[in-house]
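Colleague: Sharing a structure with you now.
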Amino acid sequence: MKSFHNTRRKVVNVVMLSLTGVCTLIAAGTLVFILSYLFIHGVRSLNWEFLTKLPTPVGETGGGMANAIIGSAKLLFLAMVVGIPIGFLGGVYLAEFAGTTTSFVLRYTTDLLNGVPSIVIGIFAYTLIVLPQHHFSTFAGGVALGIMMIPIAVRSSAEFLRAVPGSLREGAMALGASKTKALLTVVIPAAKNGIMTGILLNLARVAGETAPLLFTSFSNRYWSPGWDQPTAALPVMIFTYAVAPYDDWHQQAWSAGFVLLALVLAVNITARLILSKRGPVAH
Amino acid sequence: MRTNTALRNLDMPMAGYDKPESRAACKISATNLNFYYGSFQALHGISIDVYANRVTAFIGPSGCGKSTFLRTLNRMNETVRSSRLEGKVRLDGEDIHELEVSEVRRRVGMVFQKSNPFPKSIFENVAYGPRVNGYGSKSALRDTVEQSLRRAALWEEVKGKLHDSAYSLSGGQQQRLCIARALAVDPEVLLLDEPCSALDPIATAKIEDLIFRLKDSCTIVIVTHNMQQAARVADYTGFFLLGRLIEFDSTTSIFKAPARKETEDYVTGRFG
């Protein structure tokens, strides 16, 4: 009887252990698979021309996506201009001034906003900016991406501010600093690296968004003539090129995917580096 | 109430006098202080006179209200949500609740149990108080920083690395840095909330030595768990129990001839 129980226990143990192990492998393996696949296909047609030239007309080979790379940079810049001040100041309010009820409502609404599908955010920016203007614009795309940044920016800023030990606030206030002064001169500087990291990771997240751009910045085969004109962006180019019926376009879509991934990875690594230099605040 | 009586009956250098002119020697006086965290009453009718240029220690078991009382003296308890204070605290005869809170905190400095240097350089830590209170030119600021570090007996150890992070210092040095930071605004009173509880004996000895030298220029109030420390550094000692000030007297009397049974039990180690 006893040995039966022991055997049963051992079998269950082996089965469960393998099951969890396999699932972990699938989770990590997916990333490795995507990265290596993208690397193999992306590097093949990645060259200087791809990074510096405009797309060529259909039928002509060669050309690049310089306009989409610059377009993505412009969109992300606008997203930061919109998302960071709102997100950061909202986070300051949430962490420092909100009462229990306000805090609950704020957390709840930011969670909801975070859960809104990105295409809906795109439609929102479309209604808000594109419709009144009667044309697509870089500006509208930047606003859409900025709105997508807000919920995470609020929450991550608030978390890093809360992680600053209360003893630092007390120390500042015991020297005659007001609550606001303590916040500006001690608490925010202490949380600065964490907040910046949160924002960079957030930026990396929206860099790959395609859906909100389809209705807003649209696309452009040429250099975008201005902030209030449509622009190409890497994610939209990937979409357009991947579904087109030309082999060399598929190749370029792979390359664009690789460039986008490399940029996101670079931002991610920078963010981790900043965070690791966060210093002794959290000890 | 009874503490005042006890205080007046004993032959302490100053406590025996009740004439107006001797009141100048009283730096802080608390009258009938009650303090509540929500509905919990943490302090019960505390009345005490803290004498100028003396070291006053508060001892008592954990949770007896000694730190809470200390924090009412510079209005730090106001930062606690849903707390309430009754009674009066006077600084040089002025009600501290009628003064600007920043003025109170500038005049009554505080050093905390766990050293809490800001994540800035050593120089910036000490310069923080003068900057916040908005005085001093750049060169005056440098002088203030040097003087404060000297007063805190830290100057010789840090003079070559003023712009290093404060976190590069050892625990004992960090606590002396916090004392220097508090001294930089030239406080009249310095409140020390168990300043040595996280330090080794050598660092503790340095701080005690410092307290001894600082009392010429400051009135010092120290909360400590360590009775030997109170005996070593304090001129006066108050014993707190369950939110009440049981006895307040010269340190010698408290340790050698306590008037109350509770005090005797505590200082002889029978409980607490």
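Rule-based calculations on the coordinates, nothing more; no lab input. Bear in mind the structure is a predicted one, so any value in this text is a computation, not a measurement. With ideal geometry, Cβ positions are generated from the backbone for all residues, glycine too; neighbour counts draw on all protein chains shown.
Colleague: For a distance above 25 Å, tell me the whole-number percent of Cα pairs in chain B that qualify. Let's see the in-between values first.
Modeller: On the way: 16542 of 36856 pairs.
Counting every Cα pair in chain B, those more than 25 Å apart make up 45 percent.
Colleague: Oh, and also: Between A:G226, A:G29, A:G115, find the one with the highest GNM mean-square fluctuation for chain A; connect C-alpha pairs within less than 10 Å.
Modeller: A:G29
Colleague: When Cβ neighbours within 10 Å are restricted to other protein chains, what is their mean count per residue of peptide B:97-107?
Modeller: Counting Cβ atoms of other protein chains within 10 Å of each residue's Cβ and averaging gives 2.
Colleague: Put one equal scatterer on each alpha carbon of the protein assembly as shown, apply the Debye formula with no solvent term, and list log10 I(q)/I(0) at q = 0.06, 0.10, 0.11, 0.13 1/Å to two decimals.
Modeller: Normalising to I(0) and taking log10 leaves -0.49, -0.90, -0.98, -1.18.
Colleague: Related question: When all alpha-carbon pairs of segment A:147-283 are counted, what percent fall beyond 18 Å?
Modeller: Details: 6237 of 9316 pairs.
When all Cα pairs of segment A:147-283 are counted, 67 percent exceed 18 Å.
Colleague: Moving to a separate point now. Could you work out the local net charge near B:Y36, counting Lys and Arg as +1, Asp and Glu as -1, over the other residues with Cβ closer than 14 Å to its Cβ?
Modeller: Here the charged neighbours net out to +1.
Colleague: Take the residue pairs A:K181/B:K27; B:K138/B:K206; A:K192/B:K161 and return only those whose Cα atoms are more than 27 Å apart. Let's see the in-between values first.
Modeller: Values: A:K181/B:K27 29 Å; B:K138/B:K206 30 Å; A:K192/B:K161 24 Å.
Exceeds cut-off: A:K181/B:K27; B:K138/B:K206.
Colleague: Out of residues 5 or more away from B:A42 or on other chains, whose amide H comes under 5 Å of its own, with H placed 1.01 Å from N in the peptide plane?
Modeller: The list, which skips near neighbours in sequence, is B:F35, B:Y36, B:Y37.
Colleague: If I stretch the segment between B:T252 and B:N32 completely, what's the gain in nm (0.36 nm per residue apart, minus their alpha carbon distance), one decimal?
Modeller: Once the chain is fully extended between B:T252 and B:N32, it gains 76.6 nm.
Colleague: Roughly what would the spin-label model give for B:A140 and A:T101, points 7 Å off Cα along C-beta, in nm?
Modeller: It is 4.8 nm.
Colleague: Need one number: % antiparallel among DSSP beta bridges in the protein assembly as shown, to the nearest 5.
Modeller: Of those bridges, close to 60 percent are antiparallel.
Colleague: I would also like to ask the following. May I ask you to list the aspartates and glutamates whose Cα is less than 14 Å away from that of B:K215, ignoring any residue fewer than eight positions away on the same chain?
Modeller: Candidates past the 8-residue exclusion: B:D186, B:E188, B:D235.
Colleague: log10 I(q)/I(0), Debye, Cα-only segment A:68-109, no solvent, q = 0.21 Å⁻¹?
Modeller: -0.67
Colleague: Each residue of segment B:77-90 in order: what ³J(HN,Hα) in whole Hz does its phi give by Karplus 6.51 cos²θ - 1.76 cosθ + 1.60, θ = phi - 60°, with x for Gly and Pro?
Modeller: Running phi through 6.51 cos²θ - 1.76 cosθ + 1.60 with θ = phi - 60° gives 5, 4, 6, 7, 5, 6, 9, 8, 10, 10, x, 10, 10, 10 Hz.
Colleague: For every other residue with a beta carbon closer than 11 angstrom to the beta carbon of B:G134, add +1 if it is Lys or Arg and -1 if Asp or Glu, then tell me the sum. Display every interim value, and only then the final one.
Modeller: Details: positive: A:K181, B:R106, B:R131; negative: none.
With Lys, Arg at +1 and Asp, Glu at -1, the neighbours total +3.
Colleague: Let me ask another. Taking the number of other C-beta atoms within 10 Å as the exposure measure, put B:S115, B:S29 in order starting with the fewest. Before the final figure, lay out each step's value.
Modeller: Values: B:S115 23, B:S29 17.
Lowest to highest Cβ neighbour count: B:S29, B:S115.
Colleague: Shifting gears a bit: Could you check the spin-label model distance between A:L54 and A:D228? Points 7 Å from the Cα along Cα→Cβ, value in nm.
Modeller: 2.2
Colleague: Quick one: among B:T237, B:T219, B:T204, which has the greatest mean-square fluctuation in a GNM of chain B with alpha-carbon springs under 10 angstrom?
Modeller: B:T204
Colleague: Next question. Mind checking the full-extension length gain between A:L113 and A:I70? Use 0.36 nm per residue of separation minus the Cα-Cα distance, one decimal, nm.
Modeller: 12.6 nm
Colleague: Quick one: net charge around B:L154, please, counting Lys, Arg +1 and Asp, Glu -1 for every other residue with C-beta under 10 Å from its C-beta.
Modeller: Summing Lys/Arg as +1 and Asp/Glu as -1 gives +3.
Colleague: Can I ask one more? What is the set of long-range amide H partners of B:G243 at a cut-off below 5 Å, with H atoms built 1.01 Å from backbone N?
Modeller: B:G65
Colleague: If you don't mind, there's one more thing I want to ask. Given N residues in segment B:164-263, what is its alpha carbon radius of gyration divided by 2.2 N^0.38 Å?
Modeller: Cα-based Rg divided by the globular estimate yields 1.18.
Colleague: Among A:L51, A:L75, A:T61, whose Cα projects farthest towards the positive end of the dipole of segment A:48-282, with charges put on the beta-carbon of Lys, Arg (+1) and Asp, Glu (-1)?
Modeller: A:L75
Colleague: For segment B:158-206, place one equal point scatterer on every Cα, skip the solvent, and apply the Debye formula. What is log10 of I(q)/I(0) at q = 0.13, 0.26, 0.32 Å⁻¹?
Modeller: -0.34, -1.08, -1.22
Colleague: I've got another one for you. Going toward the positive end of the dipole of the protein assembly as shown, with +1 on Lys and Arg Cβ and -1 on Asp and Glu Cβ, which of B:A25, A:S3, B:Q229 do you reach last?
Modeller: Result: A:S3.
Colleague: What's the average, rounded to a whole number, of partner chain beta-carbon atoms within 10 Å of each residue's beta-carbon in B:111-121?
Modeller: 5
Colleague: Here's something else I'd like to know. Under a crude label model (7 Å from the Cα following the beta-carbon direction), how far is B:D216 from A:H5 in nanometres?
Modeller: Here the modelled spin labels are 7.9 nm apart.
Colleague: Which whole-angstrom value gives the distance between the alpha carbon centres of segment B:132-170 and segment A:146-183?
Modeller: Using only Cα atoms to place each centre, the spacing works out to 26 Å.
Colleague: Report, largest value first, the span of the C-alpha coordinates of segment A:75-146 along each principal axis, in whole Å.
Modeller: Principal-axis extents of segment A:75-146 (Cα, largest first): 44, 21, 18 Å.
Colleague: Sticking with this one: Counting helices only, and only those DSSP H runs with n ≥ 4, report the 222 nm mean residue ellipticity of the protein assembly as shown as the sum of -39,500 (n - 2.57) divided by its residues, in deg cm²/dmol to the nearest 500.
Modeller: On the way: 23 runs with 299 residues, N = 555.
Mean residue ellipticity, 222 nm, calculated: -17000 deg cm²/dmol.
Colleague: Can you check how the C-alpha radius of gyration of segment B:87-184 compares to 2.2 N^0.38 Å, as a plain ratio? All intermediate terms of the calculation are to be shown ahead of the outcome.
Modeller: Details: Rg = 14.5 Å, N = 98, 2.2 N^0.38 = 12.6 Å.
Expressed relative to 2.2 N^0.38 Å, the Cα Rg reads 1.16.
Colleague: For segment A:48-282, state the average projected area of the convex hull of the C-alpha atoms over all orientations, rounded to one decimal in nm².
Modeller: Averaged projected hull area, Cα only: 14.6 nm².
Colleague: Please compute one quarter of the surface area of the Cα convex hull for segment B:76-136 and express it in square nanometres. Spell out each step's value before the answer.
Modeller: Working: hull surface 23.8 nm².
Projected over every direction and averaged, the Cα hull of segment B:76-136 covers 5.9 nm².
Colleague: Moving on. Tell me which DSSP H helices of chain A clear both cut-offs, 15 Å or more of axial length from alpha-carbon atoms and a mean Kyte-Doolittle hydropathy of at least 1.6. Could the numbers behind the result be given before it?
Modeller: Working: long enough: A:2-44 (62 Å, 0.92); A:66-92 (38 Å, 1.80); A:100-115 (23 Å, 0.06); A:138-162 (35 Å, 1.14); A:188-207 (27 Å, 0.98); A:247-276 (43 Å, 0.88).
Answer set is A:66-92.
Colleague: Please list the non-local residues whose amide H lies under 5 Å from the amide H of A:K53, H modeled 1.01 Å from N, same-chain partners needing a gap of 5 or more.
Modeller: A:G64, A:M65, A:A66
Colleague: Tell me, what is the Rg over Rh of segment A:1-124, with Rh the Kirkwood radius over Cα pairs?
Modeller: Working: Rg = 25.8 Å, Rh = 21.0 Å.
The Rg/Rh ratio comes out at 1.23.
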